[in-house]
Amino acid sequence: MQAMAPGCDLHVERGPDWLLVRVQSLDLAESETPPLAEHLWSLLEQHFTYRLVLELDAVEVLNSHLVGQLIKLYRRIEEHDGVMRLCGLSPHNRQVLHACRLDERLLPYEDREEAVLGHLHHARPR
């Protein structure tokens, strides 16, 4: 299913216990773009789950605004005893997470299968 808003194109799939969202395009310069955290939160509520795999391979640069949106969404999901996992980050974007000291909270996985299964040596089981 496609979920579109001005400046934001998402591909949404429902898996067992997970909402799988692939960011296909995101224009942070678009003035009418709703905050990504709010848009994703709305999708989670529509699907009655607080478990999200967010595929970010189409995102060229994790800028401070986008990192802020990810943190906001992570905290909101965590408040509901949910899980948010990222996958598909470029090496540069992984480095951005590491530089912000967020790679322990926003664990970067290679792909959606790894993210769903939690195959990292330091991943916390849920």
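The values are calculated or read from the model by the stated rules, or taken from the named source; none is laboratory data. In this text, all values refer to a predicted model and were calculated from it rather than measured experimentally. Every residue, glycine as well, gets a Cβ built from its backbone with ideal geometry; the counts of neighbours run over all protein chains shown. Areas reflect the complete protein model, heavy atoms only, side chains present, ligands, DNA and RNA absent. Shrake-Rupley method; radii C 1.70, N 1.55, O 1.52, S 1.80 Å.
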Study note, to complete from the structure: Filtering GluC sites (Glu not before Pro) in segment 37-126 by DSSP loop and by at most 11 other Cβ atoms within 10 Å leaves GLU60, GLU104
Check your understanding: Ignoring ligands, DNA and RNA, what accessible area per residue does segment 29-112 give at 1.4 Å, in Å²?
Key -> 52
Study note, to complete from the structure: With a ≥ b ≥ c from the Cα gyration tensor eigenvalues, square-rooted, and the rule rounded for a/c under 1.5, otherwise prolate when a/b > b/c and oblate otherwise, segment 33-112 is prolate
